[in-house]
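The values are calculated or read from the model by the stated rules, or taken from the named source; none is laboratory data. Quick caveat, the model's predicted, so the values are computed rather than measured. Ideal geometry is used to build each Cβ from the backbone, glycine not excepted, and the neighbour counts take in all protein chains shown. Ligands, DNA and RNA are stripped out before the accessible areas are found, and what is left, the full protein with its side chains, is counted by its heavy atoms. Shrake-Rupley method; radii C 1.70, N 1.55, O 1.52, S 1.80 Å.
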Amino acid sequence: MPDESHDDALADAGYRAVPDDQGGRAARGWWDANAQEYLEEHGEFLGPADLLWCPEGLRESQARLLGDVRGARVLEIGAGAAQGTRWLRSVAGADAVATDVSAGMLAAAARLDADSGVRVPLVQADARALPFADASFDVVFTAFGALPFVPDAPRVHAEVARVLRPGGRWVFSVTHPLRWAFPDDPGTGGLTATRSYFDRRPYVESAADGRVLYAEYHRTVGDHVADVVGAGLVLDALLEPEWPPGHERVWGGWGPVRGARLPGTLIVRAHRPPA
């Protein structure tokens with residue numbers, strides 16, 4: 001979960017139920033307001049053109065989770081500044097497109113395009129209503145994008161299934177659900193469970209007038225599996241990247257102390273069944 005860094009005064013933060021419409025639309029405003037600060041903090045680690053799956057440092061150049069994408073039509077949802085799509089186009093040879101709900105993040109992506117000399121097709125879109133034709137992509141992916149910030153994740157999976165071609169692949173990474181039972185502390189304070197793993201109330205930040213400024217949603221491993229299967233997709237793998245030796249970077253609740261004992265990231269691979 002983020003530190004306070006938005007223009008609206010944060011009056012309340014914690015785990016509580018909020019109306020779906022309020023929680024679901026909060027992400028756009030939060031990322032618009034915080035895009036530049038986020039990139040100033042994490043941009044060097046992310047790189048201008050690289051596909052980083054998680055704070056553990058697993059990159060697509062090593063993991064090859066998307067498979068051979070040369071010449072493939074690829075869609076990134078919740079792309080942020082589109083570093084992953086930029087890498088896919090410039091290095092992996094994919095015909096890749098980036099979408100994000102935040103105009104602030106897409107503006108940052110355009111600046112990285114100018115700096116890197118790699119032009120990425122950028123589309124502002126909610127992952128729950130993708131503006132693409134049925135069966136128009138070979139691969140869809142997101143690295144910590146879209147899914148954590150919507151109350152109705154099955155809609156995202158349904159849209160992914162719709163735009164995938166038969167046999168097409170869907171890969172996403174999210175905060176490992178186990179982490180939600182522990183304080184968001186990368187040190188020893190984050191090693192003792194203080195909440196129920198089954199408490200699905202979102203983490204919410206609100207302004208003094210009650211407006212939801214930020215909402216992040218928890219789903220168990222079983223929930224993620226059910227959402228994928230419920231969209232008519234076939235589950236291929238669940239991956240839990242280990243914290244690598246010598247990796248000392250702390251990112252929010254991720255770091256070497258907790259990473260040595262608890263999983264921090266869940267990566268899911270699935271595909272649309274062949275016709």
Point to revise | Compactness of segment 1-150 as Cα Rg over 2.2 N^0.38 Å, two decimals | key: 1.06
Practice item. Using amide H atoms built 1.01 Å from N in the peptide plane, name the residues 5+ places from Ala146, or on other chains, whose amide H lies under 5 Å from its own. Key: none
Check your understanding: When the Kirkwood radius is taken over all Cα pairs of the chain, what Stokes-Einstein diffusion coefficient follows at 10 °C and 1.306 mPa s, in µm²/s?
Key -> 84
Practice item. Calculate one ³J(HN,Hα) per residue across segment 117-128 by plugging θ = phi - 60° into the Karplus curve 6.51 cos²θ - 1.76 cosθ + 1.60, and present them in order as whole Hz with x for glycine and proline. Key: x, 10, 8, 10, x, 10, 10, 7, 7, 7, 5, 8
Practice item. For the chain, report the accessible area per residue in Å² (1.4 Å probe, heavy atoms, rounded to an integer). Key: 42
Exercise for review: Take each of the peptides 186-199, 31-44, average the number of other beta-carbon atoms within 10 Å over its residues, and list them starting from the highest.
Suggested key: 31-44, 186-199
Check your understanding: Using the Karplus equation 6.51 cos²θ - 1.76 cosθ + 1.60 (θ = phi - 60°), what ³J(HN,Hα) coupling, rounded to whole Hz, does each residue of segment 131-144 give in order, writing x for Gly and Pro?
Key -> x, 10, 6, 4, 6, 10, 9, 8, 9, 10, 8, 7, 10, 6
Exercise for review: Mind jotting down the three principal axis lengths of segment 163-275 based on Cα atoms? Whole angstrom, largest first.
Suggested key: 49, 45, 23
